[in-house]
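The structure appears right after this line, and notes come after that.
The values are calculated or read from the model by the stated rules, or taken from the named source; none is laboratory data. Keep in mind that what you see is a predicted model, and the values were worked out from it rather than measured. Virtual Cβ from ideal backbone geometry, glycine too; neighbours counted across all protein chains shown.
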Amino acid sequence: MREIKEFTDDRLKSWCIHCGTTIADVPSNRDHVPTKSLLTKTCRERGASYDSGAGDDLDYLPQVIVCQRCNSGFSSDENYLLCVLHAVVAGSLYPDPNKHPEAATILRSNRQVVRSLKAEPDGQLPLFENLEPFTLFPDTDKIKRIILKNARGHAYHEIGEPLFRMPDHVMFVPLERLSPKQREAFEASETGEDLAVWPEVGSRMTVHLLDEEAMSGGWITVEPGRYRYSIGWSDAVTVKTVIWEYLATETCWER
Ligand SMILES: [Zn+2]
């Protein structure tokens, strides 16, 4: 996607959006939202090239400045989510390397995650039962932590709004589990309609709203088929994402 320089209130940039620490007081770094591991190798390489000052400006990948401690604190859960997605899409915890080379490599190098996914926690609903006979019982807390991390990052990146408090809800579900009606509601976006409240002047979202190419039906695509997100901010701040056109997520902060 094209990089849009933002001009939101600089005071908002003073804190780590995850822990609220003053950025100036601690080591910090740029954090990609979503994590680059969810994107294809080609897209990751293009993004890295753009970050280093070369490449096309359409290769920009969204990123925010966060404290180093938070940044590294998410790695293991991000890795966990990546393993879950690979296993689900490949339909196995031990995918055939010929059919699913990337999944096979990732899952082979994460044996501990694979072991934990083989255990069925007490009383937990199988989230991927539609892929019988393959069923996974992922740790929903780990997945929710990453969904929340991404939602905070997207909201901050697009509308310049730091959301320190816990959201009112975080949900995730395979897209195909949604009924046609639910799917329609999920795909609908506030930004496709008349907006009661405009985002802060100078935020990236104001630029996106004027650029039909950047946003299709209210969704911002980081990489087609891999990751897209949308943000609503009038009644509540609602961040929706679709990961690998498989997992639908929604995080909501009521006003
Ligand atoms: Zn932090």
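Put simply, of THR206, THR191 the only residue that is touching a Leu at 6+ places or on another chain (Cβ under 7 Å), farther than 19 Å from ILE17 by Cα and modelled with pLDDT under 85 is THR191.
On inspection, ARG165 fails the criterion of being basic (Lys, Arg) and either part of a helix (DSSP H, G or I) or without any contact (Cβ under 8 Å) to a residue 12 or more places away in the chain (or both). Yes or no: GLU176 of a type outside the set (A, V, I, L, M), at pLDDT below 95, surrounded by 13 or more Cβ atoms within 10 Å (Cβ to Cβ) and more than 13 Å from the chain's Cα centre (by Cα)? No. In region 128-137 there is no residue that is modelled with pLDDT of 90 or more and among the hydroxyl-bearing types (Ser, Thr, Tyr). Per the listing SER75, SER14, the residue uniquely under 30 Å from ARG111 (Cβ atoms), of a type in the set (Gly, Ala, Ser) and within 16 Å of the ligand (Cβ to nearest atom) is SER75. A count restricted to region 37-71 and to residues that are assigned to a helix (DSSP H, G or I) and away from the ligand (no atom under 16 Å from the Cβ) stands at 16.
Is it true that some residue in region 10-21 is free of Cβ contacts under 8 Å to residues at least 24 places away in the same chain and of a type in the set (Lys, Arg)? Taking every residue of region 10-21 in turn, at least one turns out to be free of Cβ contacts under 8 Å to residues at least 24 places away in the same chain and of a type in the set (Lys, Arg). Taking region 60-88 as the range and being among the aliphatic types (A, V, I, L, M) and surrounded by 18 or more Cβ atoms within 10 Å (Cβ to Cβ) as the test, the residues that pass are LEU61, VAL64, VAL66, LEU81, LEU82, VAL84, LEU85, ALA87, VAL88. The single condition among (1) away from the ligand (no atom under 16 Å from the Cβ); (2) at pLDDT 90 or above; (3) within 21 Å of the chain's Cα centre (by Cα); (4) farther than 16 Å from TYR227 by Cα that LYS99 does not satisfy is (3). When residues in region 17-29 are screened for being more than 8 Å from the ligand (Cβ to nearest atom) and either over 7 Å from CYS67 (Cα atoms) or modelled with pLDDT of 95 or more (or both), 3 of them pass. Among the residues here, LEU117 does not qualify as modelled with pLDDT of 95 or more and either under 20 Å from ARG226 (Cβ atoms) or in a helix (DSSP H, G or I) (or both).
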